[in-house]
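Before any comments, here is the structure.
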Amino acid sequence: MSAGLAVLTGLLACGNSDPVDMDPDREPIQIVEDFTLVQSLEGYRSWRLISESAVYTEDDSLLLLFNIDLTFFEEDIPTTILRGDSGLVELNSGLMRIWGNVNAVTDDGRYLETQEIDWDDEMETFHSDCLVVLTIPDSAGETVLSGRGVDLDTGLGAVDDVDIEEEFTAVYSGTLEIE
């Protein structure tokens, strides 16, 4: 397992983000299968993180996660589900990086795909410097936005709020009604 930690932390960088260094020889290390972490606010779940397994290093306060399912809630109702192959949580800062086949879907049908995304629990925002493809449906079709460098909220932002920094493209497919 230790060799896997060193390899995975070396694969984290996308764009200009720096990987967090997790020392595989650091003790104590705890390995937990079927890991679940829930945050609640005023009696309602804010989010729930489920991982097939988690490796925790107490000295670093880092969690390395595998097969992630991160669900966001509004008034205890699931609104967005984000999945990824692996992740790293800095417990002291509340920052989480998820990488490998990352995708998210909202209750209103928005769909996001990327290779890496960061979650800032304090700011309640996602950020990615990787290529991001965001599909936003409407009553007559859908808009597909793609590019690098995006900040989104847990609902994957509104069309007017999505700001893609580089290599931006937008494609609309559907019926346009002209009066």
Residue tally, condition loosely packed, with under 14 Cβ neighbours inside 10 Å and touching a strand residue (DSSP E or B) at 6+ places or on another chain (Cβ under 6 Å), over the range 100-134: 3
Filter result (acidic (Asp, Glu) and either loosely packed, with under 12 Cβ neighbours inside 10 Å or over 26 Å from Thr79 (Cα atoms) (or both)) within the range 26-67: Glu27, Glu33, Asp34, Glu42, Glu58, Asp59, Asp60
Contacts under 6 angstrom Cβ, first residue in the range 151-179 being surrounded by 11 or more Cβ atoms within 10 Å (Cβ to Cβ), partner assigned to a loop (DSSP other than H, G, I, E, B) and at pLDDT 70 or above, 6 or more apart: Leu156/Arg110; Gly174/Ala140
Thr71 being closer than 26 Å to Ser40 by Cβ and not in a strand (DSSP E or B): no
Test: residue in the range 130-149 that is touching a residue at least 12 places away in the same chain (Cβ under 8 Å), over 27 Å from Leu41 (Cβ atoms), touching a Cys at 6+ places or on another chain (Cβ under 6 Å) and not in a loop (DSSP other than H, G, I, E, B): yes
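The values are calculated or read from the model by the stated rules, or taken from the named source; none is laboratory data. Everything quoted here is computed from the prediction, not taken from an experiment. Glycine gets a Cβ as well: all are built from the backbone with ideal geometry, and neighbour counts include every protein chain shown.
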